[in-house]
Amino acid sequence: MIDLKKYEVWFVTGSQHLYGEETLRQVAEHSQIIAEFLDKAAPIPIRVVFKPVVKTPDEIYAICQEANVAPNCVGIITWMHTFSPAKMWIRGLAVLQKPLLHLHTQFNRDIPWSNIDMDFMNLNQSAHGDREFGFIMARMRLNRKIVVGFWQQPDVVEKIAAWSRVAVAAFELKNMKVVRFGDNMRQVAVTDGDKVAAEMTFGMSVNTHGIGDLVAVINQMSDASIDQLITEYNDTYTLMNSLRKGGAQYSSLRDAAKIELGLRAFLEDGGFSAYTDTFEDLHGMTQLPGIASQRLMADGYGFGGEGDWKTSAMVRTMKVMASGLPGGNSFMEDYTYHFNPENPLVLGSHMLEICPSIAAGKPTCEIHPLGIGGKADPVRLVFNAPAGPAINVSLIDMGNRFRLLVNEVEAVAVSEALPKLPVARALWKPMPDMQTGCAAWILAGGAHHTVYSQNLTTSHVEDLADIFGVELVVIDRDTNLRQLKNELRWSESYYR
Ligand code: MN
C-alpha cells in the first residue's frame, strides 16, 4: 500500500576522544552491529542506517544538519555507548528538526561477573552516559522517545518499530497536501479550524478546489476505463442484482466508477494524499462519492466527510503509520447509541464513507437513496467491522492549540442482521465504561468524526503528539472524570 522501506532512520552513537583509538574502534563496531540488527529486524518497517560515531560538537552539529535535509531520513536514534559530554550536543540538538529516539541500551546484556574489569567499565557506560544525554534534552525542553532495554529484546525492537512508523507518518504529515472539494458543512464548528495554524504546526497544506475542477476531470474518464473498474468491483465485492450488467441501476454503478476514476486522477495529478467533500456542494456531480471514497481510503488516501480536513489528514497519517499491519483504519463517526444498561454500545458509521480495510469478510456493493444532498442514489460498500481492541482518534482546534484525543474502545461483533441499514458499521464499548467514556470525550471537546484504528495504539498517537508538541488527551481504562477535568485545566495554563 504505502512503501515504508524507502524511509530511513539514522543510528547515531555519541562518544568523545578521551578514551583513545581502541575504545572508539570498539564503540563504532558495536554500534554498527546494533544498527544492522535493527535494520534486519522484521517488525521495523523502515531502514536503520549506521552513521559514524560522533565525538565533537562539530561532528554532532554536522550530522544533525545532514539529517534535517536528507530527503528519506525521518528521524535519528541516539545512543551513548560511552560518556559523551552533553554540552557538545547543544548546538546540534538546537537545530535538529527530525524526531529523536533515545535508545538507552547496552551492547552486553549481562554483566560478565567473573571477567568484569575497568576496560569493560570504560567501554560500557551507557547507564551514566545516557543520563548525561538525557539531562541536556530535558534542560532544552526537547520532546523525544526514550526506549530502555537490551537491543535484541523483542519488546525493545517493537517499541522502536512503533516509533519508526510514527516518524514516517510525521514526515508524511509535514509534506501532506490535503484538497477540499467545497467548504466545511455550513454552521458546523468542530470540522472547521485554523488552516494556517495547522500548516505551521503540522506542515500539511490544506487548500480548496471548486467542485467544477473535479467534475471536469471526472467527465474525461473513458468508457473503457469504467468497464475495467466495474470488472474489478465484480471481482472484489458481492454486487446487488440491480447493479449488475442489465440491472435497473447498472448506469448508477457506471456513474460511481466514473467518479472514482476522476477523483483518483485528480488526487494523483495534484500530489494530494487526502481530501474532503461535502453533500452541500456537489454541483455537476451525479451522486455523492460513496464507493469511491471507501476504495480510495482502502488505498491509503485520507478522507473526511462534510469538509472535515483535520480528520482527513489524520486518516492519511494513521494509514501511513499502519502500513503493512493486519487490520485497518477508517474515517468514522459516532452515530447512534445502544443504551441498554446490560450491554451499552456505540454504533459507528457514516452516511457512506467507511473504509473496507476494517471489514470482516467480503463487502457487498449496494445502492440506496440518500436522504440529504438532493442527488441520485449513491453506490456504497456495506459490511461489518469485527470484534477486537481499537482506538478512536480526534484532532480538534482549541483556538490556541491543537488537541489530539484518543479513546480506547473494545469493538464487539455485529451479531444482529440490520437488514434495513444500508451502510458499513462498527460496534464498540468505549473505555473505561459507556458513561465515563462518552462524558470524557464530550468534556474534552472531541469531534463526532474520528479515525477508527484496529491496528494502532494510544502509544502511536502519544509519539505523534510528542513529535509535533501538541496536547494529547487519553481516555482509557484508568480515566477518572474528576482527574480529567483537572488535567484539562492544567493543560490550559501549560499551553497559554
Ligand atoms: Mn459526518
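The values are calculated or read from the model by the stated rules, or taken from the named source; none is laboratory data. Keep in mind it's a predicted model, so treat the numbers as computed, not measured. Every residue, glycine among them, receives a Cβ derived from its backbone with ideal geometry; neighbour counts consider all protein chains shown. We work out accessible area using only protein heavy atoms, side chains counted, and drop any ligands, DNA or RNA first. Shrake-Rupley method; radii C 1.70, N 1.55, O 1.52, S 1.80 Å.
Restricting attention to the range 15-30, does a residue exist that is within 30 Å of the chain's Cα centre (by Cα), surrounded by 19 or more Cβ atoms within 10 Å (Cβ to Cβ) and either assigned to a helix (DSSP H, G or I) or of a type in the set (A, V, I, L, M) (or both)? No; the residues of the range 15-30 include none that is within 30 Å of the chain's Cα centre (by Cα), surrounded by 19 or more Cβ atoms within 10 Å (Cβ to Cβ) and either assigned to a helix (DSSP H, G or I) or of a type in the set (A, V, I, L, M) (or both).
Just to verify a result, which residue in the range 151-194, among those that are among the small types (Gly, Ala, Ser) and part of a loop (DSSP other than H, G, I, E, B), is nearest to Pro43 (Cα to Cα)? So, considering only residues that are among the small types (Gly, Ala, Ser) and part of a loop (DSSP other than H, G, I, E, B), the one nearest to Pro43 (Cα to Cα) is Gly193.
In the range 423-444, which residues are within 16 Å of the ligand (Cβ to nearest atom), more than 21 Å from Lys310 (Cβ to Cβ) and either free of Cβ contacts under 8 Å to residues at least 60 places away in the same chain or small (Gly, Ala, Ser) (or both)? The answer is Ala424, and nothing else. In the range 406-440, the qualifying residues are those that are within 19 Å of Gln483 (Cβ to Cβ) and assigned to a loop (DSSP other than H, G, I, E, B), and the one that is most open to solvent (accessible area, probe 1.4 Å) is Asp433. Scan the range 281-294 and give yes if some residue there is within 19 Å of Cys355 (Cα to Cα) and of a type in the set (Asp, Glu), otherwise no. No, there is no match, as no residue in the range 281-294 is within 19 Å of Cys355 (Cα to Cα) and of a type in the set (Asp, Glu). Please work out which residue is nearest to Glu260 (Cα to Cα), limiting yourself to the range 328-353 and to residues that are modelled with pLDDT of 95 or more, within 11 Å of the ligand (Cβ to nearest atom) and among the hydrophobic types (A, V, I, L, M, F, W, C). Residue satisfying both the conditions and the ranking: Leu352. Screening Asp255 against (1) assigned to a helix (DSSP H, G or I); (2) closer than 21 Å to Glu353 by Cα; (3) under 28 Å from the mean Cα position of the chain (by Cα) leaves a single unmet condition, (3).
Each row is one residue, and each column tells you yes or no for (1) farther than 23 Å from Val320 by Cα; (2) not basic (Lys, Arg).
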| position | (1), (2) |
| --- | --- |
| Gly129 | yes, yes |
| Leu142 | yes, yes |
| Lys145 | no, no |
| Val156 | no, yes |
| Ala161 | no, yes |
| Arg165 | no, no |
| Phe171 | no, yes |
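Taking first residues from the range 445-464 that are under 18 Å from Tyr337 (Cα atoms) and part of a strand (DSSP E or B) and partners that are basic (Lys, Arg) and within 16 Å of the ligand (Cβ to nearest atom), the Cβ contacts under 9 Å between residues at least 6 apart in sequence or on separate chains come to His449/Lys310.
The rows are residues; the columns are (1) open to solvent by 10 Å² or more (accessible area, probe 1.4 Å); (2) more than 30 Å from Arg316 (Cβ to Cβ).
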| site | (1), (2) |
| --- | --- |
| Pro57 | yes, yes |
| Asn68 | yes, no |
| Thr82 | no, yes |
| Trp89 | no, yes |
| Gly92 | no, yes |
| Lys98 | yes, no |
| Ser114 | yes, yes |
| Asn143 | yes, no |
| Gln153 | yes, yes |
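Report, by residue number, each residue of the range 176-193 that is surrounded by 13 or more Cβ atoms within 10 Å (Cβ to Cβ) and out of contact with any helix residue (DSSP H, G or I) (no Cβ under 9 Å at 6 or more places or on another chain). Quick ask: steps written out before the conclusion?
If we filter the range 176-193 for residues that are surrounded by 13 or more Cβ atoms within 10 Å (Cβ to Cβ), which is where we start, we get 176-185, 188, 190-193.
None; the set is empty.
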